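Before any comments, here is the structure.
The values are calculated or read from the model by the stated rules, or taken from the named source; none is laboratory data. The structure displayed is predicted, hence computed values, not measured ones. Cβ placement follows ideal geometry from the backbone for every residue including glycine, while neighbour counts extend to all protein chains displayed.
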Amino acid sequence: MIDGKRRILVTGATRGLGLEIARAFAREGAAVALNGRDRDLLETHAAQLRNEGCAVSALSGDLSADAEGIVRQAADMLGGLDVVVHAASLRDRRPTEALDGAAFAALLDVNLTAAYRLARAALPLLRQSAAGRLIFVTSIAARIARAPDAAYTASKGGLEALTRSLAVEFGSDNLTVNAIAPGWFVTDPNRAMAEDARVQAYVDVRIPLKRWGRPEELAPAALFLASPAASFVNGITLTVDGGMSAQM
């Protein structure tokens, strides 16, 4: 689906959706740098993929502290950058009354401000690619909300707006900027919910496919947006939620 020579940085690749996206790119033959904050876990994932014959590097680091350094290191490791996928995210489900300004700012910094820093650092390199791609992983929470989740919802709404704005600003550089909005996927933070019979009863009513998504089901959306097939797709958010946001 993608050119196997593509050089790709995936943030939030320590676990969950980011890791599955990174695995998918690596197994397609791309050279991939896995970024996250847990060095040991990244090295474990990278070693497993290298055992499969994949070209993978582990790049630990905190985007909130050093986005420019992470992008520079990734470009040095890979010999440039063609695609950046930003999947790093933070969740804090406390009610608004319990979430003070500092906690709101911390979540916004990881989910939105760090994405801006990453984009600002990566865009000059992506401009040098024959077909640069910047892909943000946002959430259906950008457009529909559940309580209590105000800070997360606000941050993901901002990320969708940032996607559109960058797509308009950099489209003339043959560079596309798009987002993927996952619905309910079984990842580590959601595992207890996914195993709760009461939650499953809600899923049966609320999601037309009547189940949670599997992390590997999100990766094809990223592969598509990074591929030549998406060369005229720019400024969109591709929703992958089993129909949840389509149903009243």
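Against the conditions (1) outside any loop (DSSP other than H, G, I, E, B); (2) without any contact (Cβ under 8 Å) to a residue 12 or more places away in the chain; (3) closer than 30 Å to Ala130 by Cβ, Tyr202 satisfies every one except (3).
Checked against the criterion of being without any contact (Cβ under 8 Å) to a residue 24 or more places away in the chain, outside any strand (DSSP E or B) and either surrounded by fewer than 19 Cβ atoms within 10 Å (Cβ to Cβ) or on the phi < 0 side of the Ramachandran plot (or both), segment 220-228 has no qualifying residue.
Going by what's in this entry, would Leu90 be described as among the aliphatic types (A, V, I, L, M) and at pLDDT 95 or above? Answer is no for this residue.
I'd like to check something: does segment 180-191 contain any residue that is touching a residue at least 24 places away in the same chain (Cβ under 8 Å), on the phi > 0 side of the Ramachandran plot, surrounded by fewer than 15 Cβ atoms within 10 Å (Cβ to Cβ) and not charged (D, E, K, R)? Taking every residue of segment 180-191 in turn, none turns out to be touching a residue at least 24 places away in the same chain (Cβ under 8 Å), on the phi > 0 side of the Ramachandran plot, surrounded by fewer than 15 Cβ atoms within 10 Å (Cβ to Cβ) and not charged (D, E, K, R).
Can you tell me which residue in segment 229-248 is surrounded by the fewest Cβ atoms within 10 Å (Cβ to Cβ), limited to those that are of a type in the set (Gly, Ala, Ser) and closer than 14 Å to Ile140 by Cβ? Ranking the qualifying residues of segment 229-248, first place goes to Ala246.
Only one of the numbered conditions (1) closer than 30 Å to Arg117 by Cβ; (2) surrounded by fewer than 19 Cβ atoms within 10 Å (Cβ to Cβ) is violated by Ala151, and that is (2).
Residue-wise test of (1) crowded, with 20+ Cβ neighbours inside 10 Å; (2) of a type in the set (Ser, Thr, Tyr).
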residue	(1), (2)
Cys54	no, no
Ala67	yes, no
Leu78	yes, no
Thr96	no, yes
Ala122	yes, no
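Scanning segment 158-199 for residues that are among the small types (Gly, Ala, Ser) and not in a strand (DSSP E or B) gives Gly158, Ala161, Ser165, Ala167, Gly171, Ser172, Gly183, Ala192, Ala194, Ala197.
Do we have any residue at all in segment 46-55 that's assigned to a strand (DSSP E or B), among the small types (Gly, Ala, Ser) and touching a strand residue (DSSP E or B) at 6+ places or on another chain (Cβ under 9 Å)? Yes; the residues of segment 46-55 include at least one that is assigned to a strand (DSSP E or B), among the small types (Gly, Ala, Ser) and touching a strand residue (DSSP E or B) at 6+ places or on another chain (Cβ under 9 Å). For segment 205-219, taking the residues that are more than 14 Å from the chain's Cα centre (by Cα) and assigned to a helix (DSSP H, G or I), the one that is surrounded by the fewest Cβ atoms within 10 Å (Cβ to Cβ) is identified as Val205.
Being within 26 Å of Gly69 (Cα to Cα) and loosely packed, with under 14 Cβ neighbours inside 10 Å is a description that applies to Asn174.
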